[in-house]
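Structure first, commentary second.
The values are calculated or read from the model by the stated rules, or taken from the named source; none is laboratory data. From a predicted model like this one, the values you see are computed outputs, not experimental measurements. As a convention, Cβ positions derive from the backbone with ideal geometry for all residues, glycine included, and neighbour counts pool all protein chains shown. The area values use the complete protein model at the heavy-atom level, side chains included, leaving out ligands, DNA and RNA. Shrake-Rupley method; radii C 1.70, N 1.55, O 1.52, S 1.80 Å.
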Amino acid sequence: MEANTAIPRPGAVATAPGPQPGPGQAPQPPKGRLLIVDDIRENREILRRRFERHGYHAVEAAGGVEALGLLEREAFDIVLLDMMMPDLSGLEVLARVRARYSQGSLPVIMVTAKSHSEDVVEALSLGANDYITKPVDFSVALARVSTQLGRRQAEEQIRQINEELSRANEELECRVADRTKDLVQANHQLRGEMEQRERSQATIAHLAHHDALTDLANRLLFHQQLSDAVTHRRHHGGDLAVLFIDLDGFKAINDTLGHGTGDTLLKHVAARLRNALREDDKIGRLGGDEFAVIQFGNEQPREAAALAARLIELVKAPFSIDSHRLMINASIGIAVADGEYQDAEQLLRAADLAMYRAKADGRGRFRFFDPEFDRQAQERRGLEVALRAAVDQDALQIHYQPLINLQTGRICGFEALSRWEDPLRGFVPPSTFIPLAEELGLITVVGQRILERACREAMTWPGHVSVAVNLSPAQFRCGTLVATVRGALAASGLQPSRLELEITESIFLQGSDANLAQLSQLGELGVRISMDDFGTGYSSLSYLRSFPFDKIKIDRSFVRDLPESQSSVAIVRAVCGLARSFGASTAAEGVETDDQLMKIKAEGCTEVQGYVISKPLPAHEIPALLARVDPAPALLSMRPAAPDTSAAGARDATPGPHGAEGA
């Protein structure tokens, strides 16, 4: 029995469902049915009365055996369960409850007078949803009960929605099956017709130069028509424009309603485009959802702009296909034959570049080609070539930014940041070359080199100082990540506990089961795993339940407005509290001012990094930084006398992320 100045009383007491309505008021339904299990009568009664005043229906149980009996006979929404009781302990009762009820179907909140974390950890491992300590702060108890009941209700709603989605999917599959059957029959019939038509040479020639779906000119014929138009203009003059058309939203229709519906939509689009043109204009389907038009005229570019606006409006009008009302849009790029852009290949490429600018500017609009588009495309191509060469020559460098432990005020680790100094371009921002490396498939090589080099260089630092290296989702997909990390540790001799691997939430979006398995294997090596940029992108608490992260990184976007922004303060405070509840440390990125630093410290953050401490430094400058007496003046009372060499400092040594800056 956990004493709290109370006398036990046997028996369960069913209470009233909540406060009684006043005259003329309709009775309010109870907020939830609550089972209070405690061997001390006064404890039960106090909680019962206070929950009743807040609209709950409470039932008391004087011990674990009685509580299990009540759960067999009656339905409850939530259980407040005392940890220590004379007949059955709270943990024993919890284990029996969880054998029958899941955490979602019957939340259990443990009530304990103990301060030892082992009891709480054991309860949570047995399936407790939450815990409160004695003496009970009722506002805390009420909030946690409300939270668990709200979560239970939300999970029930999700279950119902999933059932509805399942039924909808079954209906859709039936419709797709029927449509597939029709398409198979149609294909058999078409194949027979084509066998008959192929006997005619004229039909063969037509099929060789026309798109089979829309009967428009295909890419081969369109290129020939454009070459002929350019030649005619060169000899006879006149204006010529090429319009490159790409459908916006077509892929979503193709993916959700099937290729049959998508093909039918393409036919309808082709018919609308063809009917909107003059007899002398040419149109072709270049592939997928891409079309192109050759427009002749004497008033370019005005005529091309008018045609593009008209085509966009035509495509925007709804399509009725197979009982579906489909809405799409079109982005159009226009290139007018002039100056350097006069041959067929150049004109089509210029119109294509202008189309991509129309998409970038918001879709559903047209844009004229500007030579700047070509310059940008050439610049990107040059950047790709230069980056490939830099990777081949191992020219990427690493700079390290320190993290400060806010308890000791001393350096506890460094974040490895990738840097690229191109001979022609100078410093290329990581936000530019890291996404490009991922797109080009180079990030696995880059990431492995940075991991190996960072481990080697960390071996030159004091034993308590660790190093953090970011992992790209591409490194998880390659299937060799665990072996790469194991090899880097073995080659450098670095203790696994001194290596921190940082991931972002994106690894949970695809192949999450395989990625979780790799994370578990990395954890078994002894390295630390942290969640980087938490609070941005696809943040979900389910990620934190999926894997026991050692650290949660607070994104710089929440630090930037501190301490003025109350919403940012609230987010930082919530993340710090959440991390503590999961037994993880926290690190704030991008701390640049003393005010930000002090606010971060006040909210309970474990570590900080940013320019208020130090800019990223090359490896040869790290020893001087570690030897510096006062690396962070703004830490005030936490000012370090020297790098932390204590055991506590070694335990807390966790470097910061490099996000888009690292490999």
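The set of residues in the range 258-284 that are more than 17 Å from Ile328 (Cα to Cα) and among the acidic types (Asp, Glu) comprises Glu279, Asp280, Asp281. Per the conditions (1) surrounded by 12 or more Cβ atoms within 10 Å (Cβ to Cβ); (2) farther than 21 Å from Arg100 by Cβ; (3) within 26 Å of the chain's Cα centre (by Cα), the sole criterion not satisfied by Ile132 is (3). Can Ala437 be described as of a type in the set (Gly, Ala, Ser), buried (at least 24 other Cβ atoms within 10 Å of the Cβ), more than 27 Å from Leu625 (Cβ to Cβ) and under 29 Å from the mean Cα position of the chain (by Cα)? The answer is yes for Ala437. From the set of residues in the range 279-289 that are part of a strand (DSSP E or B) and charged (D, E, K, R), which is nearest to Met355 (Cα to Cα)? Per the criteria, the residue is Arg285.
With respect to the conditions (1) surrounded by 13 or more Cβ atoms within 10 Å (Cβ to Cβ); (2) free of Cβ contacts under 8 Å to residues at least 12 places away in the same chain, Ile204 falls short on a single one, namely (1).
Identify the residue in the range 49-93 that is surrounded by fewer than 22 Cβ atoms within 10 Å (Cβ to Cβ) and of a type in the set (Gly, Ala, Ser) and, among all such residues, is nearest to Gly127 (Cα to Cα). Filtering first and then ranking leaves Ser89. If you check Ile571, Ile622 for being part of a helix (DSSP H, G or I), at pLDDT 90 or above and crowded, with 18+ Cβ neighbours inside 10 Å, only one passes: Ile622.
State which residue is modelled with the lowest pLDDT when the search covers only the range 144-167 and only residues that are open to solvent by 50 Å² or more (accessible area, probe 1.4 Å) and of a type in the set (A, V, I, L, M). Looking at residues that are open to solvent by 50 Å² or more (accessible area, probe 1.4 Å) and of a type in the set (A, V, I, L, M), I get Ile158. Among the conditions (1) over 20 Å from Arg274 (Cα atoms); (2) open to solvent by 40 Å² or more (accessible area, probe 1.4 Å), Ala306 misses just one, which is (1).
Here's the yes/no breakdown for (1) over 43 Å from the mean Cα position of the chain (by Cα); (2) more than 25 Å from Ala330 (Cα to Cα); (3) among the basic types (Lys, Arg):
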position: Glu155; (1), (2), (3): no, yes, no
position: Arg191; (1), (2), (3): yes, yes, yes
position: Met194; (1), (2), (3): yes, yes, no
position: Phe250; (1), (2), (3): no, no, no
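For the range 361-383, the tally of residues that are open to solvent by less than 80 Å² (accessible area, probe 1.4 Å), in a helix (DSSP H, G or I) and either without any contact (Cβ under 8 Å) to a residue 12 or more places away in the chain or charged (D, E, K, R) (or both) stands at 4. Scanning the range 276-286 for residues that are open to solvent by less than 30 Å² (accessible area, probe 1.4 Å) and within 20 Å of Ala350 (Cβ to Cβ) returns Asp281, Ile283, Gly284, Leu286. On the stretch given as the range 458-472, residues that are farther than 11 Å from Gly413 by Cα and either free of Cβ contacts under 8 Å to residues at least 40 places away in the same chain or of a type in the set (Ser, Thr, Tyr) (or both) total 4.
Between Ala416, Ala386, Ala395, Ala390, the distinction of being open to solvent by less than 60 Å² (accessible area, probe 1.4 Å), among the aliphatic types (A, V, I, L, M), closer than 30 Å to Met355 by Cα and in contact (Cβ under 8 Å) with a residue 24 or more places away in the chain belongs to Ala386 only. Taken together, the residues in the range 106-118 that are surrounded by fewer than 18 Cβ atoms within 10 Å (Cβ to Cβ) and either farther than 18 Å from Arg144 by Cα or at pLDDT 90 or above (or both) amount to 5.
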